[in-house]
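Visitor: This is the structure I have questions about; it appears just below.
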Amino acid sequence: MLAIFDYKAGNQTSVHRALEHLGIPNEITNDPDKLNNAQGIIFPGVGAAGQAMDELHSAGLDDVIKGLIWQKKPVLGICVGCQILLDYSEENDTKALKVIPGECRLFNPSWTDHENVPIRVPHMGWNQVELKSECELFAGIDPDADFYFVHSYYPAPSDEFIIGTTHYGIDFCSVHGRTGLWAVQFHPEKSGRPGLKLLKNFYAYCQEAADAE
Amino acid sequence: MLSKRVIPCLDVRNGRLTKGIKFEGNVDIGDPVETARKYYEEGADEIVFYDITASHEARGIFLDVVEKVASQIFIPFSVGGGINTIDDMRDVLVAGAEKVSVNSGAVKNPDIISEGAARFGSQCIVLGMDVKRVEKSETIPSGFEIVIHGGRKYMGMDAIEWAKTGEALGAGEICLNSIDADGTKEGYDLELTRLVAESVTIPVIASGGAGTPQHMVDAVTKGRATAALIASIVHYGEYTITDLKKTMAEAGVQTRSVW
């Protein structure tokens, strides 16, 4: 069973629907026992980092998710859920969860694309991920596959946590983390078949990790 | 590299897919959920739904369509039509939409853009603009005026100024519809598209007038749009979305190729 971490700031229903479609048992919850008993946790997010941290903090859920991560519960952060795993976000000048060293920065509209035209912010639409290291999440996914991005701020973690990058004005980090704690800037739940495959891969990892315990 | 998006637009009235020309003479052309799924299978990059139902009672039917779509297609979609309050926004986002498009509601109350952006994030607030060509004047220096109520009510607002205002208030994207071109299949209004695209730094979706794949290429090259909205061109089976993307790719436009 996967738990979708409920902190009222996310795209949690979209993730839920994608998992239902895949036949992956799941529940949207913020009950610490249920989270603890889940094989893995999806940490969703859409919207603003400041709002997300406020929701987490006021419900006392920031410590809950951090505790689960320290216990090595498999976690997949998505979009804002990916960004606030870092120390800090420039969005709303937000102190974030400090699970992975780094910060989240605003795209600079003076950066240019391959045609030398200034990039538009937000980065909105389909773009590719270039893997810098092997990652179980991308097993069986065509390297040319595009994923759906929609964000104005991008993660900039310490180099050792960069798993994949995407080009938009600069090469920014679109996948970060370590085995069992992954964070993706794009929305797998809205990225067609490649995105669904990534969610399946995450579930497969969680099942194996739970069996190994 | 970021792909240019191909976005079919579905007008929904009383739970059914409908299409008109220049916002009039709407006819029933099918089931929106089935149609959305077909476009998803064909490689649509995103889908837009507009609730063109006037009555309050039919709102529930529309939200039901949104929920059904959300459980069957796994690409982003935005929802517009009748969005006047933060609660309206929340309803469609909870029903499964990725983005919400405000049009008349923002013209009447621009603060809804900033409030929506603060609550849900700029990236999910789309400013929908319906625009008509008029004579250039002091009030409308660009010669493009904002209209509401399906193109019937002129607002005395310059489209370029409104686009800039919308961006400043926190809209994350503009969906720019030319009412003169809507449903004509004679091509997008490229002058309008480029004027708006060069006045803002947020993405601009060209809308209204697509009749051939070349029109879509023109929208994202000459018009500087980041996406092309289409309706008639695919609703009547003239082209599939796969055909359109293939032609765009052959013309050198970056499109999403794996789905």
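Visitor: Tell me which residues, restricted to segment B:37-80, are basic (K, R) and farther than 18 Å from B:R256 by Cβ.
Guide: Hits for segment B:37-80 are B:R59, B:K68.
Visitor: Look through A:G50, A:G40 and report the one residue that is among the small types (G, A, S) and touching a residue at least 60 places away in the same chain (Cβ under 8 Å).
Guide: Going through A:G50, A:G40 in turn, just one is among the small types (G, A, S) and touching a residue at least 60 places away in the same chain (Cβ under 8 Å): A:G40.
Visitor: Test B:G43 against the criterion of being touching a residue at least 12 places away in the same chain (Cβ under 8 Å), out of contact with any helix residue (DSSP H, G or I) (no Cβ under 7 Å at 6 or more places or on another chain) and not aliphatic (A, V, I, L, M), and give yes or no. Talk me through it step by step, then tell me what you get.
Guide: Details: touching a residue at least 12 places away in the same chain (Cβ under 8 Å): yes; out of contact with any helix residue (DSSP H, G or I) (no Cβ under 7 Å at 6 or more places or on another chain): no; not aliphatic (A, V, I, L, M): yes.
In short, no.
Visitor: Go through segment A:140-153 and give me each residue that's under 19 Å from B:K99 (Cβ atoms) and either more than 7 Å from every other protein chain (Cβ to nearest Cβ) or free of Cβ contacts under 8 Å to residues at least 60 places away in the same chain (or both).
Guide: A:D146, A:F147, A:Y148, A:F149, A:Y153
Visitor: Could you grab me the full set of residues in segment B:224-259 that are in contact with a Pro (Cβ under 8 Å, 6 or more places away or on another chain), farther than 20 Å from B:G208 by Cβ and not in a loop (DSSP other than H, G, I, E, B)?
Guide: B:D243
Visitor: All but one of (1) out of contact with any Ser or Thr (no Cβ under 9 Å at 6 or more places or on another chain); (2) buried (at least 20 other Cβ atoms within 10 Å of the Cβ); (3) within 12 Å of chain A (Cβ to nearest Cβ) hold for B:T221; which doesn't?
Guide: Condition not satisfied by B:T221: (2).
Visitor: Which of the residues belonging to segment A:118-139 are within 13 Å of another protein chain (Cβ to nearest Cβ) and of a type in the set (S, T, N, Q)?
Guide: Selection gives A:N127, A:Q128.
Visitor: Does at least one position in segment A:186-208 carry a residue that is in contact with a Ser or Thr (Cβ under 9 Å, 6 or more places away or on another chain), away from every other protein chain (no Cβ under 14 Å) and surrounded by 22 or more Cβ atoms within 10 Å (Cβ to Cβ)?
Guide: Looking through segment A:186-208, none of the residues is in contact with a Ser or Thr (Cβ under 9 Å, 6 or more places away or on another chain), away from every other protein chain (no Cβ under 14 Å) and surrounded by 22 or more Cβ atoms within 10 Å (Cβ to Cβ).
Visitor: Something else: Out of segment B:116-144, which residues are modelled with pLDDT under 95 and either basic (K, R) or more than 30 Å from A:F107 (Cα to Cα) (or both)?
Guide: B:R119
Visitor: Within segment B:92-128, which residues are of a type in the set (S, T, N, Q) and over 16 Å from the mean Cα position of the chain (by Cα)?
Guide: B:N109, B:S114, B:S122
Visitor: Testing A:E115 on (1) more than 29 Å from A:N37 (Cα to Cα); (2) without any contact (Cβ under 8 Å) to a residue 12 or more places away in the chain; (3) of a type in the set (D, E); (4) more than 14 Å from every other protein chain (Cβ to nearest Cβ), one condition comes back false. Which one is that?
Guide: Checking A:E115 against (1) more than 29 Å from A:N37 (Cα to Cα); (2) without any contact (Cβ under 8 Å) to a residue 12 or more places away in the chain; (3) of a type in the set (D, E); (4) more than 14 Å from every other protein chain (Cβ to nearest Cβ), the one that fails is (4).
The values are calculated or read from the model by the stated rules, or taken from the named source; none is laboratory data. Everything quoted here is computed from the prediction, not taken from an experiment. Cβ sites come from the backbone with ideal geometry, for glycine too, and all protein chains shown count toward neighbours.
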